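Working notes, structure below.
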């Protein structure tokens, strides 16, 4: 079932999510709905709070798509080792290295994109849809999408991670005139939920 995605400035996007403690059919059904909604909106990531569910849960699929704007060669070795789509529950970043920047957008702030700094490499502890504990190590686009989606679990949007001037400009534009008509984008010009498809792999990238 395709779910309604909340749009800024909906106050529900600012609420903090809760730890998922019980696993079963309800969690599995919601995970499927979240993935279906992500695909329906041509996103590559979606967090539970974006559809009004305050669970520490997110889904991701940022694999290159057929006839898309980048190919398997654009994925890092670590990214290629990870099966997607991913269902990530109760995530926690336990280690990270380096910095990178990407032009990010968001299904909850459609039509706007700004450059955001993230960790270049992360190690993540989480639970899968069955409640099994997992560890994930990745970099590249996948690491960025994970960090973007985890922000939603804390009520944070990507527009909170840019300069005050740029953030206020976007917020004021939305409050005054709403959202521009959303243009159909190519499958890989996704909202991170996500970064633009043309990776800025070398832009301000460094290792700590």
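The values are calculated or read from the model by the stated rules, or taken from the named source; none is laboratory data. What you see is a predicted model, and the numbers here were worked out from it, not measured in a lab. Every residue, glycine as well, gets a Cβ built from its backbone with ideal geometry; the counts of neighbours run over all protein chains shown.
The set of residues in the stretch 96-115 that are touching a strand residue (DSSP E or B) at 6+ places or on another chain (Cβ under 7 Å) and farther than 19 Å from residue 60 by Cβ comprises 97, 98, 99, 101, 112, 114, 115. Restricting attention to the stretch 146-155, does a residue exist that is at pLDDT 95 or above, more than 25 Å from residue 8 (Cα to Cα) and in contact with a strand residue (DSSP E or B) (Cβ under 6 Å, 6 or more places away or on another chain)? No, the conditions are met nowhere in the stretch 146-155.
Given the structure, is residue 109 touching a residue at least 60 places away in the same chain (Cβ under 8 Å) and either under 18 Å from residue 55 (Cβ atoms) or within 14 Å of the chain's Cα centre (by Cα) (or both)? Considered against the rule, which asks whether it is touching a residue at least 60 places away in the same chain (Cβ under 8 Å) and either under 18 Å from residue 55 (Cβ atoms) or within 14 Å of the chain's Cα centre (by Cα) (or both), residue 109 comes out as yes.
Those residues that are closer than 26 Å to residue 21 by Cβ and in contact (Cβ under 8 Å) with a residue 12 or more places away in the chain, I need them from the stretch 83-105; list them, please. Passing the criteria: 84, 85, 86, 87, 88, 89, 90, 91, 92, 93, 94, 95. Number of residues in the stretch 83-102 that are under 16 Å from the mean Cα position of the chain (by Cα) and more than 21 Å from residue 116 (Cα to Cα) equals 7. Report the residue count in the stretch 1-32 for those that are closer than 24 Å to residue 111 by Cβ and surrounded by 12 or more Cβ atoms within 10 Å (Cβ to Cβ). Counting residues in the stretch 1-32 that are closer than 24 Å to residue 111 by Cβ and surrounded by 12 or more Cβ atoms within 10 Å (Cβ to Cβ) gives 12. Residue 179 satisfies every condition listed in (1) at pLDDT 95 or above; (2) in contact with a strand residue (DSSP E or B) (Cβ under 6 Å, 6 or more places away or on another chain) except (1). Among the residues of the stretch 2-48, those that are out of contact with any strand residue (DSSP E or B) (no Cβ under 8 Å at 6 or more places or on another chain) and either at pLDDT below 95 or under 20 Å from residue 179 (Cα atoms) (or both) comprise 3, 4, 6, 9, 10, 11, 12, 13, 14, 40, 41, 42.
Residues in the stretch 38-66 that are over 20 Å from residue 82 (Cα atoms) and part of a helix (DSSP H, G or I) were compared, and the one that is farthest from the chain's Cα centre (by Cα) is 40. Among the residues of the stretch 57-68, none is identified as on the phi > 0 side of the Ramachandran plot and surrounded by 16 or more Cβ atoms within 10 Å (Cβ to Cβ).
Restricting the first member to the stretch 28-48 and to residues that are at negative phi and touching a residue at least 24 places away in the same chain (Cβ under 8 Å), and the second to residues that are part of a helix (DSSP H, G or I) and surrounded by fewer than 16 Cβ atoms within 10 Å (Cβ to Cβ), no beta-carbon pair is closer than 6 Å while six or more apart or on different chains.
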